[in-house]
1. Take the residues in the stretch 55-65 that are among the aliphatic types (A, V, I, L, M) and not in a helix (DSSP H, G or I), then tell me which one is farthest from residue 138 (Cα to Cα).
2. Looking at the stretch 78-96 only, could you name the residues that are closer than 14 Å to residue 117 by Cβ and open to solvent by less than 60 Å² (accessible area, probe 1.4 Å)?
3. Considering only the stretch 136-167, how many residues are surrounded by fewer than 16 Cβ atoms within 10 Å (Cβ to Cβ) and small (Gly, Ala, Ser)?
4. Criterion first (among the basic types (Lys, Arg) and surrounded by 16 or more Cβ atoms within 10 Å (Cβ to Cβ)) does residue 170 satisfy it?
5. Given the conditions (1) open to solvent by 40 Å² or more (accessible area, probe 1.4 Å); (2) at pLDDT 95 or above, which single one is not true for residue 63?
6. Kindly indicate the residue of the stretch 48-96 that is in contact with a Ser or Thr (Cβ under 9 Å, 6 or more places away or on another chain) and among the acidic types (Asp, Glu) and also farthest from residue 168 (Cα to Cα) among those meeting that condition.
7. Of all residues in the stretch 107-135, which are of a type outside the set (D, E, K, R) and open to solvent by 10 Å² or more (accessible area, probe 1.4 Å)?
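The values are calculated or read from the model by the stated rules, or taken from the named source; none is laboratory data. The model shown is predicted, which means the values in this text are computed figures rather than measured ones. Cβ atoms come from the backbone with ideal geometry, glycine included; neighbour counts cover every protein chain shown. For accessibility, only protein heavy atoms count, side chains too; no ligands or nucleic acids. Shrake-Rupley method; radii C 1.70, N 1.55, O 1.52, S 1.80 Å.
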Amino acid sequence: KTEQKIEKKPKLKTVRTLLQGANESKLDIESHTGTHADSFFHMLAEGKTIEKLPLNRFIGGCIIIDFTKTKNNAISIKNFQKNEQKNKINKNDIVLLKTRNKPLKEFGYNFKYLDKSGAKFLAGKKIKCVGIDNLGIERNQPKHDTHKILFEKNIPVVEGLELSKVKEGRY
């Protein structure tokens, strides 16, 4: 696991032309671009890489919980407990965290995120997966507590979702 320079700019390369039967290109981008799932290897040295995560962790019933009106940027256990009557989280749910009512146009550092108490709460519910409509699920956590709490309980993270037009509820 060596350090290497990561190219951040997308690269588009022609791999076939009409003379070869069809125009085709190859797009080379960083894995943290747009909507994406984090592999456990993202934060755990011995964690599974993305191709080793079972697809069924990302498929199934979900609950979208709306945190757009939450004043604090940190989504904590208290936020989930306040909503528990209305938004009961069940075992094997996919939990999607809605934090904005407009599509994300560009990355900003002042976003709503799941703090470690919220991550522990979700991990205790034995959910299947958690997603958020920001390009990161945590911030200001140098040890990446939120990711590690979830990954150690085999819960993948999906970031960069577009939930602005979706209402809170079960789907």
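1. Residues of the stretch 55-65 that are among the aliphatic types (A, V, I, L, M), as a first pass: 55, 59, 63-65.
Now restrict to residues that are not in a helix (DSSP H, G or I): 59, 63-65.
Numbers: 59: 23, 63: 20, 64: 18, 65: 17 Å.
Per the criteria, the residue is 59.
2. Quick first cut of the stretch 78-96, residues closer than 14 Å to residue 117 by Cβ only: 78-82.
Within the stretch 78-96, 79, 80 meet the criteria.
3. The total comes to 1.
4. Details: among the basic types (Lys, Arg): yes; surrounded by 16 or more Cβ atoms within 10 Å (Cβ to Cβ): no.
Criteria not met by residue 170.
5. Every listed condition holds for residue 63 apart from (1).
6. Among residues in the stretch 48-96 that are in contact with a Ser or Thr (Cβ under 9 Å, 6 or more places away or on another chain) and among the acidic types (Asp, Glu), the one farthest from residue 168 (Cα to Cα) is 51.
7. At the first step, the residues of the stretch 107-135 found to be of a type outside the set (D, E, K, R) are 107-111, 113-114, 117-119, 121-124, 127, 129-132, 134-135.
Passing the criteria: 107, 108, 109, 110, 111, 113, 117, 121, 123, 124, 135.
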